[in-house]
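Report on one structure; see the data block that follows.
Derivation of every value follows stated rules applied to the coordinates shown; laboratory data play no part. Source: prediction; values computed, not measured. All Cβ positions, glycine included, derive from the backbone under ideal geometry; neighbour counts span all protein chains shown.
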C-alpha cells in the first residue's frame, strides 16, 4: 500500500483513550474557565472529533488569545524547517487543559514575598534568586550537604534543591 497523507495518519496511540477512560468526556472538562493570556497544554481527545488539533500540536503548550462559546484560540510555536513560527489555531475545550508549567513560578513568588517580609522585619538582606546547585561538593562552600546514612549506603542530599546524589 502507498503511504497516505491523512490528517490523522500515525495517531493510533496518540489520540487513543486511556484504559477505563473511554466514553463521554467528564463534565468538569466543560466547567473550566479559560481567559485571554492563560497558558494551556494541547492534548487531542479521541472521543471528540470536532475541533481536534492537528497531530503536530499534540503535547504543545500555548497561550490563549481568543475565547468563544465552545472553543479557544491559541498561539503555539511550531518549527517549520529552520524557522519557529507563532501559529494561531482554534481548538475546542475538550482538547486543552490549564498548564502546570507556571505553578512553580507562582509558588516561588509567594515564598519570596514571605521571605521579603521576614527579612524586612529582621533588618537583614536576603537572596531571592534561585541558586545553582553544584554536583561537585568539594569545590563549593555555599551548598550545605547533609550526609544521611542509610542501611544500603551513604546518600548525600542537597538542602537547597533536595537533590539526592
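Modelled spin-label separation between residue 69 and residue 14, with each label point placed 7 Å from Cα along the Cα-to-Cβ direction: 3.0 nm. The distance from the alpha carbon centre of the stretch 1-26 to that of the stretch 37-111 is 19 Å, rounded to a whole number. I want to make sure I understand the PRE zone here: with the label point 7 angstrom from the Cα of residue 25 toward its beta carbon, which residues in the stretch 71-88 have backbone N atoms less than 11 Å away? Taking a point 7 Å out along Cα→Cβ of residue 25, the residues of the stretch 71-88 whose backbone N falls under 11 Å are 71-72.
Please work out whether the stretch 1-64 counts as rounded, prolate or oblate from its C-alpha gyration tensor, where a ≥ b ≥ c are the square roots of the eigenvalues and a/c under 1.5 means rounded, while otherwise a/b larger than b/c means prolate and anything else oblate?
On the way: a/c = 2.66, a/b = 1.42, b/c = 1.87.
Oblate, since a/c reaches 1.5 and b/c is not below a/b.
The calculated FRET efficiency for the pair residue 61 and residue 115, based on their C-beta separation and a Förster distance of 25 Å, comes to about 0.30.
Taking 0.36 nm per intervening residue step and subtracting the Cα-Cα distance, what contour gain separates residue 48 from residue 100 on full extension? Walk me through the intermediate numbers first.
Working: separation 52, 0.36 × 52 = 18.72 nm, distance 2.34 nm.
So the chain would gain 16.4 nm between residue 48 and residue 100.
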